[in-house]
Amino acid sequence: MVTLKLPDGSVKEYPNGTSAFKVAEGIGKRLAQAAIAVKVNGEITDLARELPEGEHAFQILTEKDPDSLEVLRHSCAHVMARAVMRLFPGVQLAFGPALENLFYYDIQSPTPISEEDFPRIEEEMRKIVEKAEPFERFERPLAEARALVADLKQQLKVEHIDEEFQHHPSLSFYRQGEFIDLCRGPHIPHAGKIGAFKLLSIAGAYWKNDSSRQQLQRLYATAFFSKKDLDEYLDKIEEAKKRDHRVLGKQLKLFAISPLVGSGLILWMPNGSIIRNELETFIKDELTQRGYSPVYTPHIGRLELYRTSGHFPYYRDAQFPPMYTRPAAGTLDLCQYRLSLGELDEKRETEFLQYAKLAYFVPPQYEQAATQAEKLEMVHRYADQLLGVMQIDLPDYRKATDSKSRSDALLKWLSDQEGFLLKPMNCPHHIHIYKAEQRSYRDLPVRLAEFGTVYRYEQTGELNGMTRVRGFTQDDAHLFITPEQVESELRANIELVLFVFRSLGLNDYRVRLGFRDPKSSKYVGADEDWNTAQAALVEIVKSLGMNYTAEEGEAAFYGPKIDFVVKDCIGRDWQLGTVQLDYNLPKRFNLEYIGADNAAHRPIMIHRAPFGSMERFMGILIEHFAGAFPVWLAPEQVRLITVSEKFVEYGKKVEAELKSRHVRVRGDFRPDKMGAKIREAQMDKIPYMLVLGEKEQAAGTVAVRGRTEGDLGAVPIAEFIARIENDIATKALPR
RNA sequence: GCUGCUGUAGCUCAGCUGGUAGAGCGCGUCCUUGGUAAGGACGAGGUCAAGGGUUCAAAUCCCUUCAGCAGCUCCA
């Protein structure tokens, strides 16, 4: 017996072996026709499947249920794969899941697919949809299933079964016409339910998301129940693209990037600089209130500093090459890097090559060498030769016979050389401000704040407008605290981030706890420190009642962190504010304070940046406001619009008066028609326009036009000044 | 870094299978002196990303480099 509890609260009973479709038919013919899938105890399955015995919560899903879209898209992925297989013989299928608004299928094709093929593929898909063939589910025991996919010449699926499903007794398949795919489902009853679809883009993706595995082609597409929904979705995408900070940044003259200056290096134009300056003043005032001490430190530092902190050895390939005063040292440095990596995995090898190429240095014939040992030998001979030519005598290096001791000998020499690094982080500099005087527990917390500019050599494919750059300024601070202060300081910093976000109306963010991946070797420090720190973060976030996700592998290399993550206009995640807890750098730098017991103790560090970086924050802010900034941030707060040239005199008087009150005002006194001047001011997203003509001049008033509110009527100048000063003082958000 | 796509006037883009460059907006000059999102006329402006190759001939075809876009991998 199958007992079903329907959404309306009624309970119905059916004999065993009843399918959801039968139940739907029993309820009503129209429902059965409209049915897409079914939710049994919260789990979505096919309509055609037999319902299990027992009592279940039961709900038929139709086009109206958002969950149905996911089922539809997954089925459409099958249709797309089927069409591709018809057109491109020898295609291997990988995975084809549905995402939030779209779906993809990863495939491997002997003849590469390009966007030019989209019309053909879509045409073929249309034929399949028109035929409205059903999706039929069947199961096979593991061995038979493996034989079936092997028979279908789907090598990737065979691999997948071997790697993941060894303990599954049986596997499910879906058949649609000639097309059979290993698949968990669920699917729509038949292809005719697909009302509208569109192929969107093609991109590379690694097999099982592993960059050491083969790269596949990923076809992105989307599907809806109706053409109208599809068009709405496409329009929405177009609208979102108009908020793109790269587009608005150009339009509103906020920032520029020049290939001659370098990709990923932001040029802040005057308009953008005004906004940045306002933001910096805002946060500086806040920090002064909260007991921070502003400091300044240089843009570069000795290599030795970053060897101590770990930045240089751990993140070498993500930095600009080091600057050595002796040219040969740069090359020997690379030799040392390679030798120190020793017999390491493919990934580190790739890192080395990447880095060596960046520095225009790869030992002769290096890439042809077959084994690691040969490569190491080649590097060694090269280093040896260089030492000879430069007449550098390193007895330790000559005596050494293995890579490790060769690396050590080189490192010892390199450490004596003068070498600098563009700073990748501010912490080592701030640490040395802490160390510059003796600290007592009475001094703690020491809170050092700086808008510190750092440089990181991000991969070319990662660069993106202002959100991912190679030089950026963090609104950084480092706190040196006692163990007792951890909780209160963490709490204060999270509250600061929230305060900053609130002030700007940034409400659409998520909180992510970044923990270390215990399997990875990139993290420094003792296990117990990590565990303490991670536990402390969870406790605080919980006590603040925040929703959060904890993600392994998202920690900084020295400690766990709390990140505030927002989405950009096309849905990509970006980390803004961050608070990080660090037990490791204090150890590496041997930091101390004298406790009440007159003994030396180790402080704990907190790294934090409420904005993250000025560049990324600005980029996100541009998109958040769609370029229409609140009055306090707007580069131009007021535009004066004279009705004709007769009123320019009056315009200049109003301009002078506003300027004397530090309002950012510009007079548009050109002899154009005011309609045109208003339009221009609207497109420049100026918060206030003041129209000045006969009546205003006579009465000493200004006709106020709000960017969003339109004509607000004429008021005395003083009244307008009071209004805008209030907007600025309260940091009023755009209406 | 990888896969695919793109690079033509300040901006957005057209320029079919090779025959020597175009539009709209913007900009400049002049006319127009106006009441809440585009008044009119005329004009200037391009080493077709850079370098190399194929060809009688290249914006167009091929190669390399640089830069950008989407995705993947990465992200202290």
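Can you pull out the residues in the stretch A:518-551 that are exposed (fewer than 15 other Cβ atoms within 10 Å of the Cβ), touching a residue at least 24 places away in the same chain (Cβ under 8 Å), within 13 Å of RNA strand B (Cβ to nearest atom) and not hydroxyl-bearing (Ser, Thr, Tyr)? Hits for the stretch A:518-551 are A:LYS522, A:GLU551. Please determine whether any residue of the stretch A:622-639 is touching a strand residue (DSSP E or B) at 6+ places or on another chain (Cβ under 6 Å) and aliphatic (A, V, I, L, M). Yes: the stretch A:622-639 contains one or more residues that are touching a strand residue (DSSP E or B) at 6+ places or on another chain (Cβ under 6 Å) and aliphatic (A, V, I, L, M).
Of everything in the stretch A:97-137 that is within 11 Å of RNA strand B (Cβ to nearest atom) and of a type in the set (Ser, Thr, Tyr), the residue that is farthest from A:GLY204 (Cα to Cα) is A:THR111.
Looking only at the stretch A:388-445, residues that are within 19 Å of A:LEU305 (Cβ to Cβ), in a loop (DSSP other than H, G, I, E, B) and free of Cβ contacts under 8 Å to residues at least 40 places away in the same chain come to 2 in all.
Considering only residues that are hydroxyl-bearing (Ser, Thr, Tyr) and under 19 Å from A:LYS198 (Cα atoms), which ones fall in the stretch A:61-110? Correct list: A:SER68, A:SER75, A:TYR104, A:TYR105. Take A:GLU450 and decide whether it is under 28 Å from A:VAL261 (Cα atoms), among the charged types (D, E, K, R) and part of a strand (DSSP E or B). Criteria met by A:GLU450. Please specify each residue of the stretch A:465-508 satisfying the condition of being open to solvent by 20 Å² or more (accessible area, probe 1.4 Å) and within 16 Å of RNA strand B (Cβ to nearest atom). Those that are open to solvent by 20 Å² or more (accessible area, probe 1.4 Å) and within 16 Å of RNA strand B (Cβ to nearest atom): A:ARG468, A:PHE472, A:GLN474. Where strands (runs of 3 or more DSSP E) sit wholly within the stretch A:164-217, those with at least 3 residues that are within 16 Å of RNA strand B (Cβ to nearest atom), in contact with a helix residue (DSSP H, G or I) (Cβ under 7 Å, 6 or more places away or on another chain) and closer than 22 Å to A:ARG86 by Cα occupy A:196-206. Would you check if A:ALA599 is free of Cβ contacts under 8 Å to residues at least 24 places away in the same chain, more than 30 Å from A:PRO716 (Cβ to Cβ) and either open to solvent by 10 Å² or more (accessible area, probe 1.4 Å) or in the same structural domain as A:GLU709 (by TED's automatic domain parsing) (or both)? For A:ALA599, the condition - free of Cβ contacts under 8 Å to residues at least 24 places away in the same chain, more than 30 Å from A:PRO716 (Cβ to Cβ) and either open to solvent by 10 Å² or more (accessible area, probe 1.4 Å) or in the same structural domain as A:GLU709 (by TED's automatic domain parsing) (or both) - is met. Within this structure, A:ILE257 fails the test of being surrounded by 14 or more Cβ atoms within 10 Å (Cβ to Cβ) and either within 19 Å of A:GLU450 (Cα to Cα) or of a type in the set (Ser, Thr, Tyr) (or both).
β-branched (Val, Ile, Thr), at pLDDT 95 or above and crowded, with 20+ Cβ neighbours inside 10 Å: does that describe A:VAL663? It is false that A:VAL663 is β-branched (Val, Ile, Thr), at pLDDT 95 or above and crowded, with 20+ Cβ neighbours inside 10 Å.
Against the definition (open to solvent by 30 Å² or more (accessible area, probe 1.4 Å), farther than 30 Å from A:GLN251 by Cβ, modelled with pLDDT of 95 or more and more than 40 Å from the chain's Cα centre (by Cα)), how does A:ALA656 come out, yes or no? When the stated conditions are applied, A:ALA656 does not pass them. When A:PHE224, A:PHE179 are checked against the criterion of being outside the structural domain of A:ILE44 (by TED's automatic domain parsing), open to solvent by less than 30 Å² (accessible area, probe 1.4 Å) and under 20 Å from A:PRO110 (Cβ atoms), a single residue qualifies: A:PHE179. Among all positions in the stretch A:667-674, there is at least one residue which is open to solvent by less than 80 Å² (accessible area, probe 1.4 Å) and farther than 22 Å from A:PRO270 by Cα. Checking each residue in the stretch A:555-596 for being in contact with a Phe, Trp or Tyr (Cβ under 7 Å, 6 or more places away or on another chain), assigned to a loop (DSSP other than H, G, I, E, B) and within 12 Å of RNA strand B (Cβ to nearest atom) picks out A:ALA555, A:PHE557, A:PRO560, A:ASP568. Looking at the stretch A:323-345, is at least one residue closer than 15 Å to A:TYR382 by Cα, open to solvent by less than 70 Å² (accessible area, probe 1.4 Å) and at pLDDT below 80? No: zero hits. Have a look at A:SER19, A:SER10 and point out the one that is surrounded by 13 or more Cβ atoms within 10 Å (Cβ to Cβ) and out of contact with any Gly (no Cβ under 9 Å at 6 or more places or on another chain). The unique qualifying residue is A:SER19.
Where helices (runs of 4 or more DSSP H) fall entirely within the stretch A:618-730, those with at least 1 residues that are away from RNA strand B (no atom under 12 Å from the Cβ) are at A:648-660, A:717-729.
Taken over the stretch A:446-462, residues that are touching a Leu at 6+ places or on another chain (Cβ under 6 Å) and either open to solvent by 30 Å² or more (accessible area, probe 1.4 Å) or within 16 Å of RNA strand B (Cβ to nearest atom) (or both) amount to 2.
Residues checked against (1) of a type in the set (A, V, I, L, M); (2) closer than 17 Å to A:ALA536 by Cβ; (3) in contact with a Leu (Cβ under 7 Å, 6 or more places away or on another chain); (4) in a helix (DSSP H, G or I):
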position	(1), (2), (3), (4)
A:THR473	no, no, no, no
A:ASP476	no, no, no, no
A:LEU479	yes, yes, no, no
A:GLN485	no, yes, yes, yes
A:SER488	no, yes, no, yes
A:ALA492	yes, yes, no, yes
A:LEU498	yes, no, no, yes
A:PHE501	no, no, no, yes
A:ASN507	no, no, no, no
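Restricting attention to the stretch A:453-471 and to residues that are of a type in the set (A, V, I, L, M) and part of a loop (DSSP other than H, G, I, E, B), the residue that is farthest from A:PHE617 (Cα to Cα) turns out to be A:LEU463.
Is it the case that the stretch A:65-79 has a residue that's within 16 Å of RNA strand B (Cβ to nearest atom), surrounded by fewer than 19 Cβ atoms within 10 Å (Cβ to Cβ) and assigned by TED's automatic domain parsing to the domain that holds A:ASN209? Checked against the condition, which is being within 16 Å of RNA strand B (Cβ to nearest atom), surrounded by fewer than 19 Cβ atoms within 10 Å (Cβ to Cβ) and assigned by TED's automatic domain parsing to the domain that holds A:ASN209, the stretch A:65-79 yields no hits at all. In the stretch A:127-157, of all residues being in contact with a helix residue (DSSP H, G or I) (Cβ under 9 Å, 6 or more places away or on another chain), over 14 Å from A:GLY177 (Cβ atoms) and charged (D, E, K, R), the one that is least open to solvent (accessible area, probe 1.4 Å) corresponds to A:LYS157. Being of a type outside the set (A, V, I, L, M), at pLDDT below 90 and out of contact with any Cys (no Cβ under 9 Å at 6 or more places or on another chain) holds for only one residue in A:ARG572, A:ARG588, and it is A:ARG572.
The values are calculated or read from the model by the stated rules, or taken from the named source; none is laboratory data. Keep in mind it's a predicted model, so treat the numbers as computed, not measured. Heads up, the Cβs are rebuilt from the backbone with ideal geometry, glycines too, and the neighbour counts pull from every protein chain shown. In case anyone asks, the SASA skips ligands and DNA or RNA and just uses the protein heavy atoms, side chains included. Shrake-Rupley method; radii C 1.70, N 1.55, O 1.52, S 1.80 Å.
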